[in-house]
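Following: one structure in structure tokens, then a few remarks.
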Amino acid sequence: EHGIAPEALLPLINESAVGSGITKIKSNNIINRDFKPAFALKLLRKDIRLAEDMGLQSPAGRTLAATLQQAIDHGLGEEDMVAIYKQVEQGNIK
């Protein structure tokens, strides 16, 4: 957490340039630590892999794929995409 509570940080993120529809929709899930899947990480990773197989490559896509794979490797594949927050929180993002 680095001294900043999610309840305080998420509104700032949501109103900034890095905010997105997903951060706005999932803010309460993150704050309440509700990681039950609406769309499991393993399914998102599969979709990214399909895009890569079709030749769609970008630095952001490679970073996303690596981050998703790390989360899956740490046992979060069945959880919602907001479980990436757990990866960040635990320092497991490389």
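The values are calculated or read from the model by the stated rules, or taken from the named source; none is laboratory data. Keep in mind the model is a prediction, meaning the values are calculated, not measured. Ideal geometry is used to build each Cβ from the backbone, glycine not excepted, and the neighbour counts take in all protein chains shown. The accessibility values were calculated without ligands, DNA or RNA, using every heavy atom of the protein model including side chains. Shrake-Rupley method; radii C 1.70, N 1.55, O 1.52, S 1.80 Å.
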(message) With a 1.4 Å probe and all protein chains left in place, how much accessible area per residue does the chain have, in Å²?
(response) 64
(message) What distance in nm lies between label points placed 7 Å from Cα along the C-beta direction at residue 23 and residue 36?
(response) 2.7
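For the chain, with only Lys/Arg (+1) and Asp/Glu (-1) charged at the beta-carbon, what is the dipole magnitude about the Cα centre, in debye rounded to 20?
Numbers: 11 positive and 12 negative charges, 34 e Å.
Here the size comes out at about 160 debye.
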(message) Per residue, how big is the convex hull of the chain when only Cα atoms are used? Give it in Å³.
(response) 107
(message) Restricted to Cα positions, what overall size does region 1-45 have along the principal axes? Three whole-Å values, descending.
(response) 30, 21, 16
(request) Among 3, 19, 64, pick out the residue whose Cα is farthest towards the positive end of the charge dipole of the chain, where Lys and Arg carry +1 and Asp and Glu carry -1 on C-beta, about the Cα centre. (result) 64
(request) Summarise the accessible area of the chain (1.4 Å probe, protein heavy atoms) by the percent that is carbon and sulfur. (result) 61
